[in-house]
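The next block holds one structure in the form of structure tokens; read it before the comments.
The values are calculated or read from the model by the stated rules, or taken from the named source; none is laboratory data. Predicted model only: the values in this text are computed from it and were never measured. Note that each Cβ is placed from the backbone with ideal geometry, even for glycine, and that neighbours are counted across all protein chains shown. Only protein heavy atoms, including side chains, enter the accessible area calculation; ligands, DNA and RNA are left aside. Shrake-Rupley method; radii C 1.70, N 1.55, O 1.52, S 1.80 Å.
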Amino acid sequence: MFIEGRRLVDEAVRSKIRIIECFVSEDLRDTKWLQSIAPRLIRISELPEKIFRSLADTASSQGIVAIAERPKNYSLPDLPLIVEGSLPLVLFLNELNNPSNLGAVMRTAEAAGVSTILVSKDSADVFGPKALRAAMGAAFRVHIAVDVDLDDVVRWAANHKLLITAADIGGNIPYTDVDWSTPRILIFGSEAHGLSEQHLKRIDEKVVIPMSDDVESLNVAVSVGIVLFEARRQNANYATLSKIKA
């Protein structure tokens, strides 16, 4: 992973991500902060500002970038289910190909209390620079499985007795009418295409966010936030929920 900026490097260190190499600009002034994280960094190389800028991915990288190992990518069979202290749902993101949206969804999901996220094939790279910046550390901490196929998710959900719920513009159940204490897979499709008719036939229930008639759709990260924080509201005591057994 290419991690850029003080805050994101901080998040990586706090999340115990293994940093392989770190590059800092010679203009980085906060040596006290750098010394505080140095024990977790295998190697720190100082670069002239001009060379550092050619390495950085943004115009304002705060003078530090790091190369780090990616967190474990789980396969469905060894994926931790809904862990104790989290919402009783697994989030499945189908073909989200905008990395900034994908990162924002992960950040929102972690804030709401989701512990496990599945990401389909033909989605953006969860650990790409843009997605990492938008996720603000969430990608380092939640359990993630990538390149997941919907058919495999359907079988996995059946094996673990999880309902399959999709957010869809054509849904017939307002999201506020759902019992979010029931363990489930919650699926969001891409903003551009949503879920195909073939996919929707595999879904147990379709929920909708009621909107004004003149509005066609919501940004996917906003939609995820609306639904997940309703689930969190209903599970006010979700920290006491028992872990679902495999």
message: Looking only at residues that are part of a helix (DSSP H, G or I) and touching a helix residue (DSSP H, G or I) at 6+ places or on another chain (Cβ under 6 Å) in the stretch 57-104, which one is most open to solvent (accessible area, probe 1.4 Å)?
response: Ser100
message: Considering only residues that are open to solvent by less than 10 Å² (accessible area, probe 1.4 Å), hydrophobic (A, V, I, L, M, F, W, C) and either touching a Pro at 6+ places or on another chain (Cβ under 8 Å) or assigned to a helix (DSSP H, G or I) (or both), which ones fall in the stretch 105-120?
response: Val105, Met106, Ala109, Ala112
- request: Kindly establish whether Lys50 is assigned to a loop (DSSP other than H, G, I, E, B), surrounded by fewer than 14 Cβ atoms within 10 Å (Cβ to Cβ) and out of contact with any Pro (no Cβ under 6 Å at 6 or more places or on another chain).
  value: no
- prompt: Only one of these conditions is not met by Ser123: (1) farther than 21 Å from Arg202 by Cβ; (2) in a loop (DSSP other than H, G, I, E, B). Which number is it?
  reply: (1)
Pairs, first over 12 Å from Pro183 (Cβ atoms) in the stretch 225-246, second at pLDDT below 60 and of a type outside the set (Gly, Ala, Ser), C-beta under 8 Å, six or more apart: Arg232/Tyr238
field: Condition check for Ala124: more than 23 Å from Leu87 (Cα to Cα), surrounded by 15 or more Cβ atoms within 10 Å (Cβ to Cβ), at pLDDT 95 or above and not charged (D, E, K, R)
entry: yes
Close pairs (6 angstrom Cβ cut-off, 6 or more residues apart or separate chains): in contact (Cβ under 8 Å) with a residue 60 or more places away in the chain in the stretch 131-144, open to solvent by 10 Å² or more (accessible area, probe 1.4 Å) and in a strand (DSSP E or B) anywhere: none
